[in-house]
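**Student:** Sharing a structure below in structure tokens format, with a few things to ask.
The values are calculated or read from the model by the stated rules, or taken from the named source; none is laboratory data. Computed from a prediction, not measured in an experiment: that's the story for all the values here. When we count neighbours, we look across all protein chains shown, and the Cβ atoms used for this are built from the backbone with ideal geometry, even at glycine. When the accessible area is computed, the model is the full protein with side chains, heavy atoms only, and any ligands, DNA or RNA have been set aside. Shrake-Rupley method; radii C 1.70, N 1.55, O 1.52, S 1.80 Å.
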Amino acid sequence: MRWWDIEPVLALEHELFPEDAWSAGMFWSELAHARGPGATRRYVVAEDESGRLVGYAGLAAAGGLGDVQTIAAARDQWGTGLGARLLTDLLKHATAFECDEVLLEVRVDNTRAQKLYERFGFEPIGFRRGYYQPGNVDALVMRLIVQEHDRGTEETD
């Protein structure tokens, strides 16, 4: 995602998440951390054959922990595998960021997204009550163990 993608991303954001859409400032803030050697974010967009933006996703990473910040696909793309491709990209970069696990929040009423995450191995670990505002909708917190490291000590002779 680049700065010129923010306007079409916002249009899709407001269409899909009218009650709790991100602001332009939120996307600008995330993109500020997505470039350069110290980058801690990965943001991507997807376009159809005509160049129309049809999806986007973002990941934040710090201290071995990744967090899916956002993921969205236009309604006419549902069922095409776009969400899975976006999530695959984020998880590939979680590994590059050396994340041991990835967390995400998903609306409790968004069973379509929950099923996608479950297919990738995410497991529910808790709830955040009233997380999505102003609708006061709970979030299901899910976690995926990305890579296991041997944290034991080496045996010596």
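**Student:** Under 8 Å for C-alpha pairs, at least 6 residues apart: give me the relative contact order for region 3-157, rounded to a whole percent. All intermediate terms of the calculation are to be shown ahead of the outcome.
**Tutor:** Details: 242 pairs, mean separation 26.7, N = 155.
It rounds to 17 percent for region 3-157.
**Student:** How long is the gain from ALA24 to VAL108 if the chain were fully straight, where each residue apart is worth 0.36 nm and the alpha carbon distance is subtracted? All intermediate terms of the calculation are to be shown ahead of the outcome.
**Tutor:** Numbers: separation 84, 0.36 × 84 = 30.24 nm, distance 2.53 nm.
Full extension of this stretch gives 27.7 nm more.
**Student:** Multiply the residue gap between ALA32 and PHE17 by 0.36 nm, knock off their C-alpha separation, and tell me the result in nm, one decimal place.
**Tutor:** On the way: separation 15, 0.36 × 15 = 5.40 nm, distance 2.29 nm.
So the chain would gain 3.1 nm between ALA32 and PHE17.
**Student:** What does the accessible area of THR95 come to, in Å² to the nearest 10, when a probe of 1.4 Å is used?
**Tutor:** Looks like 60 Å² after rounding.
**Student:** Let me ask another. Please state the charge dipole magnitude for the chain, taken about the Cα centre, from unit charges on C-beta atoms (+1 on K and R, -1 on D and E), reported in debye and rounded to the nearest 20. Could you put the intermediate results ahead of the total?
**Tutor:** Working: 16 positive and 26 negative charges, 87 e Å.
Dipole about the Cα centre, nearest 20: 420 debye.
**Student:** Here is a further query. Could you compute how much accessible surface GLU118 exposes when probed at 1.4 Å, giving the result in Å² to the nearest 10?
**Tutor:** 100
**Student:** Quick one: accessible area per residue over the chain, 1.4 Å probe, rounded to a whole number of Å²?
**Tutor:** Values: 9250 Å² over 157 residues.
Ligands and nucleic acids excluded, the figure is 59 Å² per residue.
**Student:** A further question on this structure: Could you give each residue of region 133-145 its phi-based ³J(HN,Hα) in whole Hz, using Karplus coefficients 6.51, -1.76, 1.60 with θ = phi - 60°, and x for Gly or Pro?
**Tutor:** Per-residue couplings from phi come out as 10, x, x, 6, 8, 6, 10, 8, 8, 10, 9, 10, 7 Hz.
**Student:** Rounded, prolate or oblate: which one fits region 41-157, using the alpha carbon gyration tensor with axes a ≥ b ≥ c (rounded when a/c is under 1.5, else prolate when a/b beats b/c, else oblate)?
**Tutor:** On the way: a/c = 2.35, a/b = 1.46, b/c = 1.60.
Oblate.
**Student:** At a 1.4 Å probe radius, carbon and sulfur cover how many percent of the accessible area of the chain?
**Tutor:** Taking all protein chains in place, the chain shows 49 percent carbon and sulfur surface.
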